[in-house]
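Nothing in this text is a laboratory measurement; each read-out follows from the coordinates by a stated rule. Just so you know, these numbers come straight off a predicted model, no measurement behind them. Cβ: placed from backbone, ideal geometry, glycine included. Neighbour counts: every protein chain shown.
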Amino acid sequence: MKNLNKLFLIVFSLIMTTSLYSQNKLNISESSLNWEGKKVTGSGHNGSLQFGDSNVLMENGKIISGVFSVDMTSLTCDDLTGKGKKSLENHLKSDDFFAVDKHNVASLIIEKVVNNTASGILTIKNISHPVSFSLLKSNEGYTADLVFDRSKYDVKYASGSFFKNLGDKLILNEIELSANLKFN
């Protein structure tokens, strides 16, 4: 009888857990991830990246945790065309920036969400650091805005953290990411 009660308790707990929590897969084709980097002069560039396999755990329709992967080989520059576009994309993918041939996936683990602020671990070039960012629910899914310091991820090119006297060639360390997330 004790074993039957334990079994009933386990089954009941599983049923309650699956009704309170649901796992949702990111709809990669309908979600977007955009980046923007700026120089000290105020000019800069922007582009996009594609998500890879990504899942979140939701409670009562709200994200409580998640794992997102980003395909770094998909990195594009959207404000240039022609040779300039191709040249900048190749440079951003090179060892000067994100070393995409060696580190083709970046990831974000959301550990918790409190009052529309998510916190977790961002990993780029196999280097991980804690981050926090806004995560807002919308009618269509979620929007997220995250700013990270590229110098913490060994992205050195024209960074004032690594080089001095760059003048107007200085590229700011802060990279802005904005995402629109839609789930299946």
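Equivalent ellipsoid semi-axes for segment 34-138, as square roots of 5 times the alpha carbon gyration tensor eigenvalues: give them largest first, rounded to whole Å.
On the way: eigenvalues 163, 49, 33 Å².
Values for segment 34-138, descending: 29, 16, 13 Å.
Between Met72, His103, Thr41, whose Cα lies farthest towards the positive end of the dipole of the chain when Lys and Arg beta carbons carry +1 and Asp and Glu beta carbons carry -1, centred on the Cα centre?
Positive-end residue among those listed: His103.
Would you calculate, for the chain, the mean residue ellipticity at 222 nm contributed by helices, counting each DSSP H stretch of 4 or more residues as -39,500 (n - 2.57) and dividing by all residues, to the nearest 500? Provide the component values of the computation, followed by the final result.
On the way: 2 runs with 31 residues, N = 184.
So the calculated ellipticity at 222 nm is -5500 deg cm²/dmol.
Excluding residues fewer than 8 places away in the same chain, name every one of the aspartates and glutamates whose C-alpha is closer than 12 Å to that of Lys182.
Candidates past the 8-residue exclusion: Glu30, Glu140.
So which residue, out of Ser29, Ser69, Ser119, gets the largest mean-square fluctuation from a GNM of the chain using Cα contacts under 10 Å as springs?
It is Ser29.
Would you mind checking the tilt of helix 82-93 against the longest principal axis of the Cα atoms of the chain, expressed as 0 to 90 degrees and rounded to 10?
Long axis of 82-93 versus the principal axis of the chain: about 60 degrees.
Using Cα pairs under 8 angstrom and six or more residues apart, how large is the relative contact order of the chain, in percent? Mind dumping the intermediate values first?
Numbers: 377 pairs, mean separation 40.7, N = 184.
Relative CO of the chain lands at 22 percent.
Hey, which lysines would be in cross-link range of Lys164, C-alpha to C-alpha under 30 Å, not counting anything within fewer than 8 residues on its own chain?
Within the straight-line limit of under 30 Å, Lys164 reaches these lysines: Lys38, Lys39, Lys83, Lys85, Lys86, Lys93, Lys102, Lys125, Lys152, Lys156.
Assigning unit charges at the beta carbon (Lys, Arg +1; Asp, Glu -1) and nothing else, what dipole magnitude in debye, to the nearest 20, does the chain show about its Cα centre? Display every interim value, and only then the final one.
Numbers: 20 positive and 19 negative charges, 77 e Å.
Using only the charged Cβ atoms, the result is roughly 360 debye.
Taking the chain as the reference, fit the longest principal axis to its C-alpha atoms, fit the long axis of helix 2-20 to the helix C-alpha atoms, and give the angle between the two in degrees, 0 to 90, nearest 10.
So the inclination is approximately 40 degrees.
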